[in-house]
Amino acid sequence: MFSPEDILYEDNHLMVVNKHCGDLVQPDPSGGSALEDQVKAYIKARDAKPGAVFLGVVHRIDRPVSGAVLFAKTSKALARLNEMIREGRIRKTYWALTEQRPDPAEGELRHWIVRDAKSNRSRACDAPKADGKEARLRYAVCGAGTRYTLVEVGLITGRHHQIRAQLAKIGCPIRGDLKYGARRSQPGGGISLHSRRVELEHPVRREPIVVEAPVPAGDNLWAYFEESQH
């Protein structure tokens, strides 16, 4: 559940929130409480707004994933941010803890993602498919423990379950991600994929913004890897 401490950045136009594993970004058919609604309710109460609160979802991250989520607080900002997303001008960096070490230690992955809506799963294919969408990411190994490896991922495209499917395809499933071949689940059903950093030009002020999301609290393995990066 959202709390005010989860706000990583806020001004009149934008808000970046550190999402918890298990939280929905937007309402879905499951009927669970969504981060979008929780943030709106918080702004309405904090700012004593009499009418409806405007909050635009710029991008989503999967329910079991944690980290930085960008919201627009004005329609002008939302329109410009949507355009920036389409043009690839918002840079999103993820951290993943994988069960195997990618080989080579850094590179670019290119696959074609085929989505199965019924199972809510995506398959990464080496060759183009008629119903597939090209998926590209860059990755680099940043640290290694006894059982898991810290991999930093820069998204080039944004496809359904892209990082999860592509890393699984090269034999490196993400810790806790049973859907994509991990050995065991984690308490609460979260996976060790974290939206670590969002970088963009402010849609109104045109100045560069970099927002970094702390890793999930209470997870010793995440804490170990975050500490190893300093």
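The values are calculated or read from the model by the stated rules, or taken from the named source; none is laboratory data. Quick caveat: nothing in here was measured; it's all calculated off a predicted structure. Cβ sites come from the backbone with ideal geometry, for glycine too, and all protein chains shown count toward neighbours.
Suppose we filter ALA165, ALA135, ALA182 for residues that are in a loop (DSSP other than H, G, I, E, B), crowded, with 17+ Cβ neighbours inside 10 Å, among the small types (Gly, Ala, Ser) and modelled with pLDDT of 95 or more; which single one remains? Quick ask: steps written out before the conclusion?
Working: ALA165 fails: in a loop (DSSP other than H, G, I, E, B); ALA135 fails: in a loop (DSSP other than H, G, I, E, B).
Going through ALA165, ALA135, ALA182 in turn, the sole match is ALA182.
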Any strands (runs of 3 or more DSSP E) falling wholly within the range 83-130 and containing at least 1 residues that are touching a residue at least 60 places away in the same chain (Cβ under 8 Å) and surrounded by 15 or more Cβ atoms within 10 Å (Cβ to Cβ): 91-98, 106-116
Of residues in the range 150-160 being farther than 14 Å from HIS59 by Cβ and touching a residue at least 60 places away in the same chain (Cβ under 8 Å), the one surrounded by the most Cβ atoms within 10 Å (Cβ to Cβ): LEU150
Of residues in the range 12-53 being touching a residue at least 60 places away in the same chain (Cβ under 8 Å) and out of contact with any strand residue (DSSP E or B) (no Cβ under 8 Å at 6 or more places or on another chain), the one surrounded by the most Cβ atoms within 10 Å (Cβ to Cβ): GLY22
Selection status of ILE43, β-branched (Val, Ile, Thr) and assigned to a loop (DSSP other than H, G, I, E, B): no
Residue check for GLY188: touching a residue at least 12 places away in the same chain (Cβ under 8 Å), of a type outside the set (Asp, Glu), on the phi > 0 side of the Ramachandran plot and buried (at least 16 other Cβ atoms within 10 Å of the Cβ): no
Yes/no for LEU150 being in a strand (DSSP E or B) and either on the phi < 0 side of the Ramachandran plot or among the polar types (S, T, N, Q) (or both): yes
